[in-house]
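The values are calculated or read from the model by the stated rules, or taken from the named source; none is laboratory data. Quick caveat: nothing in here was measured; it's all calculated off a predicted structure. Cβ atoms come from the backbone with ideal geometry, glycine included; neighbour counts cover every protein chain shown.
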Amino acid sequence: MCQSYRKTCLCGEHTAEIFFGRNILDETAVARVYCPNCSTAVAKEDKRRVWDNGWILELDPEVLQAYAAAMEIPPEDLSAERVFDQGFATWVGVTPDDSEQRDRERNTLEKLAKTDLRAYLQAMKDWGVGREKRFTEEGWRKMKRFSPAA
């Protein structure tokens, strides 16, 4: 079973939930997380960092190097972006707080299931399609592979 890890951003105002696919990496791979508020002064050109809609996930290059072979990434191609995009250390869901946000949104819809099942099923369908569209329009990294321009 894959694990996830919560990390507070540098300014301490937000928390990101990070997923470690295939159980290769763990929390030791995460150096820092920056929210859009604390990422403004951070250099973009850095192989340790992956930028996603104002958020930054900074990974420890020594830990990545140690697990490069297990991730089947040649050392010369190793970067936070590649690790993120291949799902070895990425957000749980589409955004850094997607799991919490998704649960809150679902809980409001579940009340409808007790009173009108047909309306509930339609609301769930509309909610799912709307979330996907919103995430794509907002430019989240994981949604770029599904958009026609990708």
Exercise. From the residues in region 94-140 that are in contact (Cβ under 8 Å) with a residue 60 or more places away in the chain and surrounded by 13 or more Cβ atoms within 10 Å (Cβ to Cβ), which one is farthest from residue 18 (Cα to Cα)?
Worked result: 140
Problem set entry | Condition check for residue 143: touching a residue at least 24 places away in the same chain (Cβ under 8 Å) and part of a helix (DSSP H, G or I) | yes
For this session: Mind listing whichever residues of region 33-73 are within 14 Å of the chain's Cα centre (by Cα) and charged (D, E, K, R)?
Result: 49, 52, 58
Problem set entry | Filter pass, residue 76 being on the phi < 0 side of the Ramachandran plot, under 17 Å from the mean Cα position of the chain (by Cα) and not assigned by TED's automatic domain parsing to the domain that holds residue 140 | no
Seminar exercise, completed: Of the residues in region 1-31, those that are surrounded by 14 or more Cβ atoms within 10 Å (Cβ to Cβ) and basic (Lys, Arg) come to 6, 7
Problem set entry | Filtered residues of region 96-132 (kept if among the hydroxyl-bearing types (Ser, Thr, Tyr) and in contact with a helix residue (DSSP H, G or I) (Cβ under 7 Å, 6 or more places away or on another chain)) | 120
Seminar exercise, completed: Subset of region 1-48, residues hydroxyl-bearing (Ser, Thr, Tyr) and touching a helix residue (DSSP H, G or I) at 6+ places or on another chain (Cβ under 7 Å), comes to 5, 28
For this session: From (1) within 16 Å of the chain's Cα centre (by Cα); (2) acidic (Asp, Glu); (3) in the same structural domain as residue 132 (by TED's automatic domain parsing), pick out the condition that doesn't hold for residue 81.
Result: (3)
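Can you find a residue in region 32-44 that is aliphatic (A, V, I, L, M), buried (at least 18 other Cβ atoms within 10 Å of the Cβ) and either touching a residue at least 12 places away in the same chain (Cβ under 8 Å) or within 25 Å of residue 136 (Cα to Cα) (or both)?
The first filter runs over region 32-44 and keeps only residues aliphatic (A, V, I, L, M), leaving 33, 41-43.
Adding the requirement that they be buried (at least 18 other Cβ atoms within 10 Å of the Cβ) leaves 33.
Applying the additional criterion that residues be either touching a residue at least 12 places away in the same chain (Cβ under 8 Å) or within 25 Å of residue 136 (Cα to Cα) (or both) yields 33.
Yes, region 32-44 contains at least one residue that is aliphatic (A, V, I, L, M), buried (at least 18 other Cβ atoms within 10 Å of the Cβ) and either touching a residue at least 12 places away in the same chain (Cβ under 8 Å) or within 25 Å of residue 136 (Cα to Cα) (or both).
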Exercise. So which of 40, 90 ends up being β-branched (Val, Ile, Thr), farther than 17 Å from residue 8 by Cβ and out of contact with any Phe, Trp or Tyr (no Cβ under 6 Å at 6 or more places or on another chain)?
Worked result: 40
